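The values are calculated or read from the model by the stated rules, or taken from the named source; none is laboratory data. This one's a predicted model, so the numbers in the text were calculated from it and none came from an experiment. So basically every Cβ, Gly included, is an ideal-geometry build from the backbone, and we count neighbours across all protein chains shown. These area figures cover heavy atoms from the full protein model, side chains too; ligands, DNA and RNA do not enter into them. Shrake-Rupley method; radii C 1.70, N 1.55, O 1.52, S 1.80 Å.
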Amino acid sequence: MSMIGNFLQVSPEQLAALIADPSCIESFIYREDEDEEEDTSLEIDKAWHGIHYLLTGSAWEGEAPLADAVLGGTEIGDDVGYGPARYLTVEEVKVVAAALHEITPEQFRLRYSADQLSQNEIYPDIWNDSDGDPIEYLVAWYEDLRSYYIEAAANNNAMLKYLN
(Lines give C-alpha, C1' and ligand atoms only; values in the text may rest on other atoms or scores of the structure.)
Protein backbone atom coordinates (compact mmCIF):
# COMPACT_ATOMS: atom_id res chain seq x y z
CA MET A 1 0.00 0.00 0.00
CA SER A 2 1.14 3.49 -0.80
CA MET A 3 0.55 6.57 1.30
CA ILE A 4 -0.52 9.43 -0.99
CA GLY A 5 -0.62 13.09 0.08
CA ASN A 6 -3.81 14.94 -0.83
CA PHE A 7 -4.79 18.59 -0.64
CA LEU A 8 -8.19 20.12 -1.22
CA GLN A 9 -9.01 23.80 -1.43
CA VAL A 10 -12.27 24.64 0.30
CA SER A 11 -14.19 27.85 0.76
CA PRO A 12 -14.37 29.37 4.24
CA GLU A 13 -18.07 28.44 4.28
CA GLN A 14 -17.32 24.80 3.43
CA LEU A 15 -14.68 24.66 6.15
CA ALA A 16 -17.06 26.18 8.70
CA ALA A 17 -19.68 23.55 7.84
CA LEU A 18 -17.13 20.75 8.23
CA ILE A 19 -15.93 22.13 11.57
CA ALA A 20 -19.56 22.31 12.72
CA ASP A 21 -20.14 18.67 11.68
CA PRO A 22 -16.84 16.75 11.43
CA SER A 23 -18.72 13.50 10.78
CA CYS A 24 -19.19 14.75 7.18
CA ILE A 25 -15.46 14.97 6.43
CA GLU A 26 -15.09 11.54 4.82
CA SER A 27 -18.10 11.92 2.53
CA PHE A 28 -16.93 15.44 1.64
CA ILE A 29 -13.42 14.28 0.73
CA TYR A 30 -14.53 11.18 -1.16
CA ARG A 31 -17.47 12.71 -3.07
CA GLU A 32 -18.55 10.60 -5.99
CA ASP A 33 -20.45 13.39 -7.74
CA GLU A 34 -17.37 15.66 -8.04
CA ASP A 35 -17.23 17.27 -11.48
CA GLU A 36 -13.76 16.69 -12.95
CA GLU A 37 -13.70 20.24 -14.35
CA GLU A 38 -14.42 21.71 -10.91
CA ASP A 39 -11.90 19.54 -9.09
CA THR A 40 -9.83 21.75 -6.80
CA SER A 41 -7.73 18.96 -5.34
CA LEU A 42 -4.03 18.19 -5.60
CA GLU A 43 -2.39 14.83 -5.10
CA ILE A 44 1.38 14.82 -4.53
CA ASP A 45 1.91 11.08 -4.70
CA LYS A 46 4.40 9.72 -2.14
CA ALA A 47 6.43 12.94 -2.12
CA TRP A 48 4.58 14.38 0.89
CA HIS A 49 7.05 13.16 3.52
CA GLY A 50 10.15 14.18 1.57
CA ILE A 51 8.72 17.64 0.92
CA HIS A 52 7.87 18.06 4.61
CA TYR A 53 11.38 16.99 5.59
CA LEU A 54 13.10 19.31 3.12
CA LEU A 55 10.96 22.24 4.26
CA THR A 56 11.40 21.65 8.00
CA GLY A 57 14.50 19.49 8.56
CA SER A 58 12.31 17.21 10.68
CA ALA A 59 10.57 13.93 9.90
CA TRP A 60 7.32 14.77 11.69
CA GLU A 61 7.64 18.11 13.47
CA GLY A 62 8.97 21.52 12.48
CA GLU A 63 8.21 25.17 12.92
CA ALA A 64 5.25 26.96 11.41
CA PRO A 65 4.53 28.07 8.84
CA LEU A 66 6.58 25.56 6.81
CA ALA A 67 5.58 22.63 9.03
CA ASP A 68 1.95 23.47 8.28
CA ALA A 69 2.37 23.04 4.52
CA VAL A 70 2.13 19.24 4.55
CA LEU A 71 1.69 17.70 8.00
CA GLY A 72 0.51 20.61 10.15
CA GLY A 73 -2.92 22.01 10.75
CA THR A 74 -5.84 21.12 12.95
CA GLU A 75 -7.21 17.57 12.92
CA ILE A 76 -10.82 17.18 11.85
CA GLY A 77 -13.06 14.14 11.84
CA ASP A 78 -12.17 10.46 11.96
CA ASP A 79 -9.58 8.44 10.07
CA VAL A 80 -9.83 9.03 6.30
CA GLY A 81 -7.03 6.70 5.23
CA TYR A 82 -3.94 7.21 7.36
CA GLY A 83 -5.32 9.24 10.21
CA PRO A 84 -7.75 12.15 10.30
CA ALA A 85 -7.72 14.99 7.80
CA ARG A 86 -6.22 18.31 8.85
CA TYR A 87 -7.26 21.79 7.89
CA LEU A 88 -5.77 25.24 7.56
CA THR A 89 -7.90 28.38 7.71
CA VAL A 90 -7.76 31.00 4.97
CA GLU A 91 -5.36 33.07 7.08
CA GLU A 92 -3.10 30.05 7.71
CA VAL A 93 -3.10 29.20 3.99
CA LYS A 94 -1.97 32.73 3.20
CA VAL A 95 0.91 32.50 5.69
CA VAL A 96 2.01 29.10 4.32
CA ALA A 97 1.72 30.35 0.72
CA ALA A 98 3.89 33.38 1.50
CA ALA A 99 6.52 31.14 3.13
CA LEU A 100 6.52 28.72 0.19
CA HIS A 101 6.71 31.62 -2.26
CA GLU A 102 10.03 32.54 -0.66
CA ILE A 103 11.48 29.06 -1.29
CA THR A 104 12.04 28.73 -5.01
CA PRO A 105 12.33 25.27 -6.56
CA GLU A 106 16.06 25.94 -6.94
CA GLN A 107 16.40 26.73 -3.22
CA PHE A 108 14.29 23.69 -2.36
CA ARG A 109 16.64 21.51 -4.45
CA LEU A 110 19.62 22.71 -2.39
CA ARG A 111 18.05 21.27 0.78
CA TYR A 112 18.22 17.72 -0.61
CA SER A 113 20.48 15.05 0.85
CA ALA A 114 19.70 11.43 -0.02
CA ASP A 115 21.67 10.26 3.00
CA GLN A 116 19.74 12.50 5.42
CA LEU A 117 16.40 11.42 3.97
CA SER A 118 17.37 7.77 4.34
CA GLN A 119 18.81 8.20 7.85
CA ASN A 120 15.60 9.87 8.99
CA GLU A 121 13.46 7.12 7.41
CA ILE A 122 11.59 9.51 5.15
CA TYR A 123 8.86 7.77 3.19
CA PRO A 124 9.19 6.28 0.59
CA ASP A 125 12.64 4.78 1.00
CA ILE A 126 13.89 5.57 -2.51
CA TRP A 127 16.53 8.18 -1.75
CA ASN A 128 19.62 6.04 -2.37
CA ASP A 129 18.13 3.95 -5.20
CA SER A 130 20.01 3.89 -8.46
CA ASP A 131 16.74 3.96 -10.42
CA GLY A 132 15.33 7.36 -11.29
CA ASP A 133 16.24 10.72 -9.83
CA PRO A 134 14.56 11.25 -6.44
CA ILE A 135 15.41 14.96 -6.25
CA GLU A 136 13.62 15.63 -9.54
CA TYR A 137 10.62 13.71 -8.20
CA LEU A 138 10.51 15.89 -5.08
CA VAL A 139 11.14 19.18 -6.88
CA ALA A 140 8.36 18.51 -9.41
CA TRP A 141 5.81 17.79 -6.67
CA TYR A 142 7.08 20.73 -4.59
CA GLU A 143 6.50 23.07 -7.53
CA ASP A 144 2.92 21.80 -7.83
CA LEU A 145 2.31 22.15 -4.09
CA ARG A 146 3.86 25.63 -3.97
CA SER A 147 1.67 26.82 -6.88
CA TYR A 148 -1.38 25.20 -5.33
CA TYR A 149 -0.93 27.08 -2.05
CA ILE A 150 -0.30 30.37 -3.86
CA GLU A 151 -3.49 29.82 -5.89
CA ALA A 152 -5.48 28.92 -2.76
CA ALA A 153 -4.28 32.06 -0.99
CA ALA A 154 -5.15 34.24 -4.00
CA ASN A 155 -8.64 32.70 -4.05
CA ASN A 156 -9.13 33.15 -0.28
CA ASN A 157 -9.56 29.41 0.20
CA ALA A 158 -8.91 27.24 3.22
CA MET A 159 -7.21 23.84 2.86
CA LEU A 160 -7.95 20.24 3.79
CA LYS A 161 -5.01 17.81 3.85
CA TYR A 162 -5.01 14.06 4.26
CA LEU A 163 -3.09 10.88 3.55
CA ASN A 164 -4.79 7.94 1.92
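Summarise the accessible area of the chain (1.4 Å probe, protein heavy atoms) by the percent that is carbon and sulfur. Intermediate values should be presented prior to the final figure.
Details: 3950 of 8530 Å².
Within the chain, the accessible surface is 46 percent carbon and sulfur.
For Arg111, tell me the accessible area in Å² from a 1.4 Å probe, rounded to the nearest 10.
90 Å²
So how do Phe28, Phe7 rank on accessible area, 1.4 Å probe, biggest first, that is with the largest at the start? The partial results should precede the final answer.
On the way: Phe28 35, Phe7 5 Å².
Ranked from most to least accessible, the order is Phe28, Phe7.
Tell me, what is the per residue accessible area of region 48-164 in Å², probe radius 1.4 Å? Intermediate values should be presented prior to the final figure.
Working: 5630 Å² over 117 residues.
On a per-residue basis, region 48-164 sits at 48 Å².
Each residue of region 6-17 in turn: what ³J(HN,Hα) in whole Hz from Karplus with 6.51, -1.76, 1.60 and θ = phi - 60°, glycine and Pro shown as x?
10, 9, 9, 6, 9, 6, x, 5, 4, 5, 4, 5
Please work out how much accessible surface Ile122 shows to a 1.4 Å probe, ignoring ligands, DNA and RNA, in Å² rounded to 10.
It works out to around 0 Å².
Heavy atoms of the protein only, probe of 1.4 Å, neighbouring chains included. What is the accessible area of Ser27 in Å², nearest 10?
Accessible area of Ser27: about 80 Å².
Per the helix-only calculation at 222 nm, which mean residue ellipticity applies to the chain, given -39500 (n - 2.57) for every DSSP H run of n ≥ 4 and division by its residues, nearest 500 deg cm²/dmol? Display every interim value, and only then the final one.
Details: 7 runs with 68 residues, N = 164.
Computed mean residue ellipticity for the chain: -12000 deg cm²/dmol.
Suppose every Lys and Arg Cβ carries +1 and every Asp and Glu Cβ carries -1, with no other charges. What dipole size does the chain come out with about its Cα centre, to the nearest 20 debye?
On the way: 8 positive and 33 negative charges, 134 e Å.
Around 640 debye, computed over the chain.
Largest first, how would Lys46, Lys94 line up by accessible area (1.4 Å probe)?
Lys94, Lys46
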